[in-house]
Amino acid sequence: MKKNASSSAITGAAFLMATSAIGPGFLTQTTVFTQQLLSSFGFVIIISVLLDIGAQMNIWRILAVTEKRAQDLANELFPGLGYVLAALIVLGGLAFNIGNIGGCGLGLNVLTGMDTSYGAIISCGIALFIFWMKEAGKMMDQFAKILGILMILLTLFVAVSSHPPMVDALQHSFFPSTINSTAIVTLVGGTVGGYICFAGGHRLLDAGIKGTAALPEVNKSAVTGILVTALMRCILFLAALGVIMKGGILDKANPPASVFKLAAGDIGYRFFGVVMWCAAITSVVGAAYTSVSFLRTFHPWIEKNYRWLISFFIVFSTGVFLFVGNPIKILLTVGALNGLILPIALAVMLLVAKKVALVGAYKHPKVLLVAGWMVVIIMSWMGFNTIQHWFIN
């Protein structure tokens, strides 16, 4: 692969992962938890970023070294396990994508005043157009990068306009007054849970960036994806904190829109429409691409017709949204559920890393193995507490 093409794919994979994570659920989760935890939410962000890196570095490196997709590795580790993993990823991706399509409709509604249903249908058409382009992979990379940068810049404007209490935010990010395990599970689930942690890794495989020699590039792409997501999360956190600390009352039906409007008036509200649409449409693309990538190796017919399956995935998600709508609670719940999938998926990858028949002479760094198993244990424990909380309440 040419150097420029390789560099573009590395950055594209990072932004595909990041923009897959930054969807309507991401905007809602960040705003709602900031409202609940105030400046202590900064601590949740820091912990979640550390867990994210521990998970993603392990998964992407193992995919690159073995040069195989996650479902095939799982099946070789234990026959049938790949089908179970694929089912979890696809169902989680589908649930997320219903919310993503809803976010597209909401974004265009804010921008143009059109009905959210029409906005969802138009966005569905745009996503289909991207996947039916001749150079769909390159188009997807550029689309994710451009819209990802646009989201960050617009949200930064709103954060500056809200005048957040920076000293208080910094202090409580390291010395929190309260810690919420559900928030951590939800954030990690929304960043690297479910299909998201495999989005960039599978994209790198498709771009031909694989093998032991490619590990430095894989590391760079994995960390870049997490840091882009963390940057967006921090900026939105500061924007919401500034509004809330000044006594701003957030609309329960659409908390993030309230932040943009209260911080920067009508122009801020329009910016929210752009950010919401960018976040949602890039997540639609990422969820569809990654979810179907978990099915492509199961049968030659699927590989041959994968674009039709991606199209069906997007159209079906749109149809479900038009039928049932997009309640805020579902976006929060799905993020937490994806957080419960993560320890299962990561544990499978870590077991693969120790199987010589799959990784050959490659020796996975002990520090990453230890970090990975720590993420598995922490996320399993926090996930168990989250499930208990759901049943008790």
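The values are calculated or read from the model by the stated rules, or taken from the named source; none is laboratory data. Keep in mind that what you see is a predicted model, and the values were worked out from it rather than measured. As a convention, Cβ positions derive from the backbone with ideal geometry for all residues, glycine included, and neighbour counts pool all protein chains shown. All accessible areas refer to the heavy atoms of the entire protein, side chains included, with ligands and DNA or RNA removed. Shrake-Rupley method; radii C 1.70, N 1.55, O 1.52, S 1.80 Å.
Some observations on this one:
- With R₀ set to 30 Å, the beta-carbon distance separating residue 46 from residue 252 gives a calculated FRET efficiency near 0.65.
- Using 0.36 nm per residue and subtracting the Cα-Cα separation, the extra length available between residue 129 and residue 83 on full extension is 13.6 nm.
- Protein-only accessible surface order, largest first, of 140, 374 at 1.4 Å: 374, 140
- Accessible area in square angstrom per residue, the stretch 78-140, 1.4 angstrom probe: 44 Å²
- Accessible-area composition of the chain, carbon plus sulfur, in percent [1.4 Å probe]: 71 percent
- Descending by average beta-carbon neighbour count within 10 Å, the peptides 277-289, 261-273 line up as 277-289, 261-273, the highest first.
- FRET efficiency estimate (nearest 0.05) - Cβ-Cβ, residue 156 to residue 118, R0 45 angstrom: 0.90
- Paramagnetic label zone (point 7 Å from Cα along Cα-to-C-beta, residue 171; backbone N under 18 Å) in the stretch 33-68: 37-44
- Mean Kyte hydropathy of 0.0 or more with a Cα span along the axis of at least 24 Å, helices from DSSP in the chain: 3-21, 41-66, 81-112, 136-162, 215-245, 255-293, 306-324, 328-353, 366-392
- For the residue pairs 138/354; 138/261; 210/304; 68/363; 304/363, the alpha carbons lie more than 27 Å apart in 138/354; 138/261; 304/363.
- The packing ranking of peptides 217-228, 142-153, highest mean first, is 217-228, 142-153, where packing means the average number of other beta carbon atoms within 10 angstrom of each residue.
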